[in-house]
Amino acid sequence: MITTMKMKHNMRTVAMLLLLSLGFGLTGCLDDNEGTPIPPAAFISIYHGSPDAPNLDVFANSNRVTTNPFRYTETLPYSRFYLGERTFKFSPYNSVTSLLEKTFTIEEDVVYSMFFTGMEDDLDAILLTDEWATPNQESAQLRFVHLSPDAGLIEVQVEEGDSPFVDNSDFKTHSNFEDLDSGTYNIRVVSKGSGETLVTANNVELRGNRVYTLVLRGLQEEGTEVEKRLNLQLITNFINF
């Protein structure tokens, strides 16, 4: 029964993402020809989380994914992608130079998030399968992704005194989506090594009927530019209309 409910939810999510991508013209890697059946596809969003990489162009095999410079902390919304082995190439904007090429196997009707991360001399891309339970008016779903190259091992607290929402999270690791009551939260990221609070975000509103990803990004190194300092960013993955 659980498997059946997951399948129904996944197909409903895919159907809604397909409707959005067609209705709002999201940048994708499949061309829509009027009267031609839409081929099987997956949906992928892409996040730029490398604090010292330049603005990017992104390609999936020979298909250009971006139309404008893809900037640090920006997210490309879910778009349809061909299935099978797909090599994603990340290049400086309007350059033929490749900063990173990485191949992933893309499966039909699966929803993914890709995170471009690391420092320019050690870049990487991680691909996560986005599986969440359907939220309702009283609840939200939240996932955490650690994209800070120098923050080290951390825990994430969503309310003081509670058990950590995420414990022992290191660079490029992530949690699953978890249920939280809709409401306002004070979030702290704490170093497991020193016990120091590295960054806080107060009065973060998690609204019902929504699925979120909380990203830790940037650098804690002293002297880092303001816009690239360690910070938290909340991304909305899905709204259950």
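The values are calculated or read from the model by the stated rules, or taken from the named source; none is laboratory data. As the structure is a computational prediction, the values presented were derived from the model and not from experiment. Neighbour counts run over all protein chains shown; Cβ positions are idealised from the backbone, glycine included.
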Scanning the range 18-65 residue by residue, the ones that are touching a Leu at 6+ places or on another chain (Cβ under 9 Å) and at pLDDT 50 or above total 22
Could you check, for the range 91-105, whether at least one of its residues is within 18 Å of Tyr212 (Cβ to Cβ), among the aromatic types (Phe, Trp, Tyr) and modelled with pLDDT of 95 or more? no
Could you go through the range 136-145 and let me know if any residue there is closer than 30 Å to Glu120 by Cα and polar (S, T, N, Q). no
Are any residues in the range 35-57 buried (at least 22 other Cβ atoms within 10 Å of the Cβ), among the hydrophobic types (A, V, I, L, M, F, W, C) and under 15 Å from Leu99 (Cα atoms), and if so, which ones? Leu56
Ala133, sole failed condition from (1) at pLDDT 95 or above; (2) in contact with a strand residue (DSSP E or B) (Cβ under 9 Å, 6 or more places away or on another chain): (1)
For the range 104-132, enumerate the residues that are farther than 20 Å from Pro77 by Cα and touching a Phe, Trp or Tyr at 6+ places or on another chain (Cβ under 9 Å). Gly118, Leu123
